Amino acid sequence: MEYNGPRFMVVNTSLSEEILELKKSRKAVILAHHYQIDEIQEIADVIGDSLELSRKARELDCEVIAFCGVWFMAETAKVLNPHRTVIVPDRDASCSLVESCPVGPIRNFRERNPGTAIVSYINTSVEVKAESDILCTSRNAVQVVNSIPADQPILFLPDINLGNYVKRETGRENMKIWQGACIVHATFAARKLTAARFEHPHALVVAHPECPPDVLAMADYIGSTSALIDYCVKSPAQEFIVMTESGVSHSLHKLAPNKQFYFVANDNCNCSECPYMKLNTLEKLRDALDTLEPRVELDPALMERARLPIERMLALK
């Protein structure tokens, strides 16, 4: 039942050195999401969640942003850094949440329901962001929903599990929830978590809010990717069952080397890895820095519309 995390790889030193040389010549920064392979996280300038990385890029002195994550994250980086070149290692690095929420139905909903506030999770396409009133992350979703007048109806999209979690936390009854799901978090099974708890009775359970309700009900702590890492590092506990993508083990073992972390395999495979995130490799990163392709190119008007709901979220205290 249990899966003890990713199989760590030996870093290809010569390839890493080639990437670092290209990074220097391109005046680039390498941003890596927590779910990337260890080899990429090892050479990244910054490791974080999607919005953290996009905001951090604003502060860095660079001409090129090599975003090692999935495509919607690179789009967000481009929106917040419109005058910089944004590249990704693999254009096919998509996201099941993005794919579950095409922009057409959202536009139709807005036309039919002009008084409803559309709250979009950051895990959406730039086109959906442009149709939204405000964005949220898994860390601030409850705060964002609470910022909207209590009598105003809400459409929350696209993650059903995060939406149900927010609805429970806010008591918001006038909130419709899109029926999208993360192919990693949504397939964690409560029965496997129960088995892991039996095997490790002293371990605390930490879970991402994209997990199903029966998994969240067993969690000692629920939070975003970065919040889960912070909690595990700062907690006096020494053992944790981590219900999120196992790429976080890289940061967990670096920041808390004396603690034990256990990962539970989901029902899709004998792992807890995102197949989209794992499309990125050192070879693809090197080629992207060499050719500056695949490159994120967005219409300026679309970027401006998408920036507004992002800025509304960032303005919340």
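The values are calculated or read from the model by the stated rules, or taken from the named source; none is laboratory data. Keep in mind that this is a model prediction, so the values were computed, not measured. Because the Cβ atoms are built from the backbone with ideal geometry, glycine has one as well, and the counts that use them run over all protein chains shown.
General remarks:
- Lys167 of a type in the set (Lys, Arg), over 19 Å from the mean Cα position of the chain (by Cα), modelled with pLDDT of 95 or more and over 17 Å from Leu97 (Cβ atoms): yes
- Residue count, the stretch 156-174 (criterion: more than 20 Å from Ala207 (Cβ to Cβ) and crowded, with 21+ Cβ neighbours inside 10 Å): 1
- Taken together, the residues in the stretch 230-245 that are surrounded by fewer than 24 Cβ atoms within 10 Å (Cβ to Cβ) and either in contact (Cβ under 8 Å) with a residue 60 or more places away in the chain or acidic (Asp, Glu) (or both) amount to 2.
- Helices (runs of 4 or more DSSP H) lying entirely in the stretch 113-191 (those with 3 or more residues that are of a type outside the set (A, V, I, L, M, F, W, C), in contact (Cβ under 8 Å) with a residue 12 or more places away in the chain and touching a strand residue (DSSP E or B) at 6+ places or on another chain (Cβ under 8 Å)): 160-170
- Scope the stretch 208-219; condition in contact with a Ser or Thr (Cβ under 9 Å, 6 or more places away or on another chain) and surrounded by fewer than 24 Cβ atoms within 10 Å (Cβ to Cβ); matching residues: Pro212, Met218
- Filter result for Asp45 (surrounded by fewer than 21 Cβ atoms within 10 Å (Cβ to Cβ) and outside the structural domain of Ile177 (by TED's automatic domain parsing)): yes
- Condition met for Ala256 (small (Gly, Ala, Ser), in contact (Cβ under 8 Å) with a residue 24 or more places away in the chain, touching a Cys at 6+ places or on another chain (Cβ under 8 Å) and more than 30 Å from Ser132 (Cα to Cα)): yes
- Residues of the stretch 12-34 that are β-branched (Val, Ile, Thr), within 26 Å of the chain's Cα centre (by Cα) and not in a strand (DSSP E or B): Ile19 alone.
- Test: residue in the stretch 272-282 that is among the hydroxyl-bearing types (Ser, Thr, Tyr), in contact (Cβ under 8 Å) with a residue 60 or more places away in the chain and over 27 Å from Ala141 (Cα atoms): yes
Quick grid of which residues meet (1) more than 24 Å from Pro300 (Cα to Cα); (2) basic (Lys, Arg):
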residue: Glu18; (1), (2): yes, no
residue: Lys23; (1), (2): yes, yes
residue: Glu39; (1), (2): yes, no
residue: Ile43; (1), (2): yes, no
residue: Glu63; (1), (2): no, no
residue: Val70; (1), (2): no, no
residue: Pro82; (1), (2): no, no
residue: Pro89; (1), (2): no, no
residue: Asp92; (1), (2): no, no
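- Count of the stretch 258-317 residues which are in contact with an Asp or Glu (Cβ under 7 Å, 6 or more places away or on another chain) and assigned to a strand (DSSP E or B): 3
- Residue tally, condition touching a Cys at 6+ places or on another chain (Cβ under 9 Å), outside any loop (DSSP other than H, G, I, E, B) and under 15 Å from Phe261 (Cβ atoms), over the stretch 195-246: 7
- Any hit, the stretch 231-250, residues being of a type in the set (A, V, I, L, M, F, W, C) and more than 23 Å from Gln41 (Cα to Cα): yes
- When Ser100, Ser138, Ser147 are checked against the criterion of being surrounded by fewer than 23 Cβ atoms within 10 Å (Cβ to Cβ) and in contact with a Gly (Cβ under 9 Å, 6 or more places away or on another chain), a single residue qualifies: Ser100.
- Filtered by the rule that a residue be among the aliphatic types (A, V, I, L, M) and assigned to a strand (DSSP E or B), the stretch 35-93 gives Val46, Ile47, Val64, Ile65, Ala66, Val86, Ile87.
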